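Contents: one structure, followed by commentary.
The values are calculated or read from the model by the stated rules, or taken from the named source; none is laboratory data. Computed from a predicted structure; not experimentally measured. Cβ placement follows ideal geometry from the backbone for every residue including glycine, while neighbour counts extend to all protein chains displayed. The protein model used for the area step is the full one, side chains on, heavy atoms only, and it has no ligands, DNA or RNA in it. Shrake-Rupley method; radii C 1.70, N 1.55, O 1.52, S 1.80 Å.
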Amino acid sequence: MLKKISLSLLYLSFACTGFAQQLQSPSQFLGYKLGSQFTSHFRIIEYFKYVALNSKNVKLLQYGTTNEGRPLIAMFIASDENIGRLEAIRQHNLALAGLGGDGPAKTAASTTPVIVWLSYNVHGNEPSSSEASMEALFEMANTADTRTQPWLNNTVVVIDPCLNPDGRERYINYYNSVKGAVPDADPSSREHSEPWPGGRVNHYYFDLNRDWAWQTQKETRGRVALFNQWLPQVHVDFHEQGYNSPYYFAPAAEPFHRDITAWQREFQTIIGKNNAKYFDQNGWMYFTKEEFDLLYPSYGDTYPIYNGSIGMTYEQGGIGAGLAITTRNGDTLTLADRISHHLSNSLSTVEAASANAAKALNEFKKYFEDSRMNPPGEYKTYVIKNDNQDKIDMLAELLHRNGIVYGFGATGATTGYNYITGKMEQFTISSRDLVINAYQSKSVLLNVLLEPKTLVADSNTYDITAWSLPYAYGLKTYGLKASIKPAAEKIAGEALSPPRPSASKTHVYAYVSPWRSVTDVKFLAALLKKGIKVRYTQAPFEAGGKKFAPGSLIITKSGNNGEEFDSLVLRAAADCNVELATLSSGFVDKGADIGSSLIKFIHPPKVLLVTGEGSSAEAMGEIWHFFEQQIVYPVTLVRYRDFDRIRLNDFDVAIFPNGYYEELPAEKLQNWVHDGGKLIAMENTVSLLVDKKGFSIKNLPADKKDTTTKNNPELIKLYADRDHEAIRSNVPGAIYKVDMDNTHPLGFGLDKYYYSLKLSDALYSYLGDDGWNVGTVKKNAYVEGFVGQKAKEKIKDGLLFGVQSLGHGSVVYMVDDPLFRSFWENGKLLFSNAVFMVGQ
């Protein structure tokens with residue numbers, strides 16, 4: 001159930017004795033004409049606070065802060081009558097969705113206002129929309145505006161002026177530092193070329209418009225929590241695209257996910273036609289139904305759609321345009337132009353929603369009634385086997401944040417679709433298994449996130465085409481066609497898993513911890529930072545009636561003789577919610593004793609992460625965020641251009657994230673690895689080591705097929721088919737089943753298989769005698785998602801994850817990204833093995 005939060009506790013309090021006679025426009029308040037310069041984020045906040053103090057029909061809420069400490073706010077705008085009963089409106093709206101405390105609403109939908117949510121500037125270097133948000137606020141908060149005020153009689157408008165303040169400030173600070181006294185509209189001017197990493201991303205270089213469902217970033221968590229407390233009927237995500245493009249607005253392009261309703265499509269068209277009316281009046285260019293599809297569930301348009309809203313993306317041409325730029329057509333596009341276009345569509349959307357409020361509310365109520373009574377998708381219950389409590393807890397937390405109801409346990413044997421084998425099988429549900437019944441308000445989102453195969457009607461899509469959470473988390477899952485209720489439903493705020501038993505302090509020879517998830521990695525990191533010596537086992541053993549798998553952490557009293565040893569270990573285990581076992585002796589019942597050579601010491605690695613020009617900002621950011629925010633272990637960021645001058649021998653591990661480096665210092669790296677270093681080469685970096693001296697990685701043998709048109713007439717292509725021909729070699733995010741050697745340290749804690757998200761057709765030849773082929777792809781490894789025919793023919797019988805021994809050191813090849821957008825949970829252990837386990 002969604003948490004009830006009183007708005008009286010959320011709204012910022014503004015003490016005032018009366019309202020000014022006339023509200024100042026943004027230009028009047030700022031002291032310059034809007035569009036003549038970029039407005040700093042703090043000044044945008046000041047304007048919103050000013051309006052909150054001086055307008056009687058608004059309420060301002062701060063819902064969070066960014067990594068750099070900037071406030072995240074939302075302004076609620078309504079009629080005089082409705083602004084004072086916002087909490088009642090919110091509760092009634094949730095009741096329409098069947099999520100209120102008293103169950104589904106019994107009163108008519110027409111008794112509540114329609115809610116329109118406008119989100120601006122999720123990408124920092126698309127800044128015109130934050131400027132437009134101030135003018136949109138002014139025109140709707142100004143009680144003298146005869147156009148907008150009637151809309152508020154049946155509409156509540158929410159404005160989030162800047163979803164990514166840190167990225168925005170990075171962009172405008174750069175622009176202001178290089179622009180001249182007069183804007184230079186020449187596209188070749190330096191003011192139109194951002195330096196690395198650019199302003200698009202947040203502090204940790206995450207694309208916040210890919211994070212709505214996963215909520216890995218603090219900005220997203222705060223925003224989506226607020227969104228789910230309201231569930232608006234309409235949501236717009238304002239963007240910019242390349243400056244040569246005309247304006248884009250809905251209706252969207254194919255592919256649409258099949259769960260998107262006819263009404264959601266229809267209302268996109270209604271709003272689009274209203275937007276077009278004003279663009280036509282002004283002679284502005286625009287396009288619809290192209291490029292921007294509705295499939296991937298973590299956008300600012302699709303996530304609201306899968307939560308019952310009419311979700312839309314609006315795209316103004318303007319990335320890199322600065323204050324003015326000359327377009328390909330010879331026109332000069334100014335910031336003021338871009339603001340005008342976004343403002344027009346902001347107001348037009350509210351107008352269309354107000355004109356269709358009754359229909360929108362009734363369809364909203366119907367959407368959730370259908371969800372509860374006739375959920376979409378083939379499967380009506382999902383059972384996720386609890387073979388790994390840590391990963392079950394993490395998945396349960398994600399479901400909880402998205403308002404999806406789940407529980408644990410059910411009675412008896414049943415039949416379901418096994419995600420791993422792809423077959424219907426009999427199985428028994430245990431009391432600890434996670435059970436999700438689809439007959440609930442959030443059934444559409446549930447189906448989209450868990451369905452084993454997503455139907456892709458048009459393969460020419462904007463983002464990844466596969467994301468099924470059981471594969472991302474590496475959890476054995478069954479889809480049931482029958483409806484089964486869990487024995488115990490989880491209540492919001494309840495602990496996700498029962499408290500772990502604490503270890504006994506009596507006669508402790510060593511503590512042993514499992515190695516099966518990122519939770520255990522965080523525990524290891526905590527111990528290493530405290531100077532606790534930790535070992536791991538290379539082979540399974542049994543002691544004290546318990547079995548311990550390869551990779552299990554062993555913390556002996558030997559070598560850790562400080563008086564606070566026990567308390568430090570137990571406190572770290574409690575902080576990380578890790579279950580500890582105790583050994584009273586180093587003599588085990590079965591397997592290698594604790595003093596065996598199969599028990600390896602973990603040297604605390606000093607880690608270098610390559611950053612800066614050449615590296616992919618988002619790929620590098622995933623790793624940076626993983627170390628700093630998830631496992632809390634130190635990492636040193638080194639710019640690639642500084643690599644030649646650093647003392648590489650000061651580091652134990654060097655990580656090269658995905659990138660397009662001009663020339664890797666292969667000889668320096670080879671010598672360092674030979675002397676004991678560990679190189680982790682990721683994604684495209686692997687290709688840069690092919691045929692380099694000392695590195696064993698090789699391309700797959702070239703395909704020797706005849707490519708002449710004489711013997712292959714199908715190679716003669718129509719120009720009209722060029723877009724679809726181009727994707728025959730494309731892999732826009734598809735899932736493959738990888739055979740894992742989990743006896744190798746790189747595979748510790750994983751099953752004998754691993755589901756990898758492939759973003760390209762990259763695959764390499766098996767390593768020779770000096771290497772270990774830990775993760776390999778066989779002929780029939782494809783699971784789901786779109787893969788072009790040429791790519792599908794290539795992705796077979798090759799290496800994805802491997803380790804090469806080189807002198808005293810190791811090279812880890814990671815062809816696919818195990819940390820993708822930080823939601824590919826099972827890959828985090830694979831990456832951690834590369835950092836902490838391999839080569840010890």
Failed criterion for residue 290 (all others in (1) over 29 Å from residue 365 (Cβ atoms); (2) among the acidic types (Asp, Glu); (3) modelled with pLDDT of 95 or more hold): (3)
Leading residue by the ranking (nearest to residue 442 (Cα to Cα)) among those in the stretch 267-313 that are open to solvent by 10 Å² or more (accessible area, probe 1.4 Å) and assigned to a strand (DSSP E or B): 313
Tally of residues being crowded, with 20+ Cβ neighbours inside 10 Å and not in a helix (DSSP H, G or I) across the stretch 26-58: 7
Restricting the stretch 759-791 to residues that are aromatic (Phe, Trp, Tyr) and either in contact with a Pro (Cβ under 6 Å, 6 or more places away or on another chain) or in a loop (DSSP other than H, G, I, E, B) (or both), the residue that is surrounded by the fewest Cβ atoms within 10 Å (Cβ to Cβ): 766
The stretch 526-541 - residue that is open to solvent by 50 Å² or more (accessible area, probe 1.4 Å) and in contact with a Pro (Cβ under 7 Å, 6 or more places away or on another chain) and, of those, farthest from residue 746 (Cα to Cα): 540
Where a residue in the stretch 41-57 is more than 16 Å from residue 152 (Cβ to Cβ) and its partner, wherever it lies, is acidic (Asp, Glu) and modelled with pLDDT of 95 or more, with Cβ under 6 Å and at least six apart: 41/169
Complete set of residues in the stretch 156-181 that are over 31 Å from the mean Cα position of the chain (by Cα) and either closer than 20 Å to residue 232 by Cβ or of a type outside the set (S, T, N, Q) (or both): 178, 179, 180, 181
Residues (in a loop (DSSP other than H, G, I, E, B), open to solvent by less than 10 Å² (accessible area, probe 1.4 Å) and of a type in the set (A, V, I, L, M, F, W, C)) located in the stretch 394-414: 404
Residue check, residue 597 farther than 27 Å from residue 218 by Cβ and not in a helix (DSSP H, G or I): yes
Residue match in the stretch 797-816 (condition: at pLDDT 95 or above, in a helix (DSSP H, G or I), at positive phi and in contact with an Asp or Glu (Cβ under 8 Å, 6 or more places away or on another chain)): no
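Condition check ((1) under 27 Å from the mean Cα position of the chain (by Cα); (2) within 24 Å of residue 475 (Cβ to Cβ); (3) modelled with pLDDT of 95 or more) across all residues:
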| position | (1), (2), (3) |
| --- | --- |
| 743 | no, yes, yes |
| 751 | yes, yes, yes |
| 757 | yes, yes, yes |
| 772 | no, no, yes |
Residue pairs meeting the criteria (Cβ under 8 Å; at least 6 apart or on separate chains; first under 15 Å from residue 239 (Cα atoms) and in a helix (DSSP H, G or I), in the stretch 331-345; second open to solvent by 10 Å² or more (accessible area, probe 1.4 Å) and charged (D, E, K, R)): 339/135; 343/135; 343/139
Total residues in the stretch 117-156, condition of a type in the set (Gly, Ala, Ser), assigned to a loop (DSSP other than H, G, I, E, B) and either touching a Cys at 6+ places or on another chain (Cβ under 8 Å) or surrounded by 24 or more Cβ atoms within 10 Å (Cβ to Cβ) (or both): 1
Close pairs (6 angstrom Cβ cut-off, 6 or more residues apart or separate chains): open to solvent by less than 60 Å² (accessible area, probe 1.4 Å) in the stretch 586-605, in a loop (DSSP other than H, G, I, E, B) and β-branched (Val, Ile, Thr) anywhere: 586/594; 602/534
Any chance residue 819 is open to solvent by less than 10 Å² (accessible area, probe 1.4 Å), more than 19 Å from residue 694 (Cα to Cα), in contact with a helix residue (DSSP H, G or I) (Cβ under 6 Å, 6 or more places away or on another chain) and in contact (Cβ under 8 Å) with a residue 40 or more places away in the chain: yes
Which numbered condition residue 479 misses (of (1) assigned to a loop (DSSP other than H, G, I, E, B); (2) closer than 25 Å to residue 754 by Cα): (1)
The listed residue being open to solvent by less than 20 Å² (accessible area, probe 1.4 Å), touching a residue at least 12 places away in the same chain (Cβ under 8 Å) and of a type in the set (Lys, Arg), out of 380, 365, 391: 391
Residues of the stretch 208-221 satisfying the condition of being open to solvent by 10 Å² or more (accessible area, probe 1.4 Å) and assigned to a loop (DSSP other than H, G, I, E, B): 216
Exclusive hit being in contact with a Gly (Cβ under 6 Å, 6 or more places away or on another chain), open to solvent by 10 Å² or more (accessible area, probe 1.4 Å) and more than 25 Å from residue 822 (Cα to Cα), set 439, 417: 417
Listing of strands (runs of 3 or more DSSP E) fully contained in the stretch 607-680 that carry 3 or more residues being polar (S, T, N, Q) and without any contact (Cβ under 8 Å) to a residue 60 or more places away in the chain: none
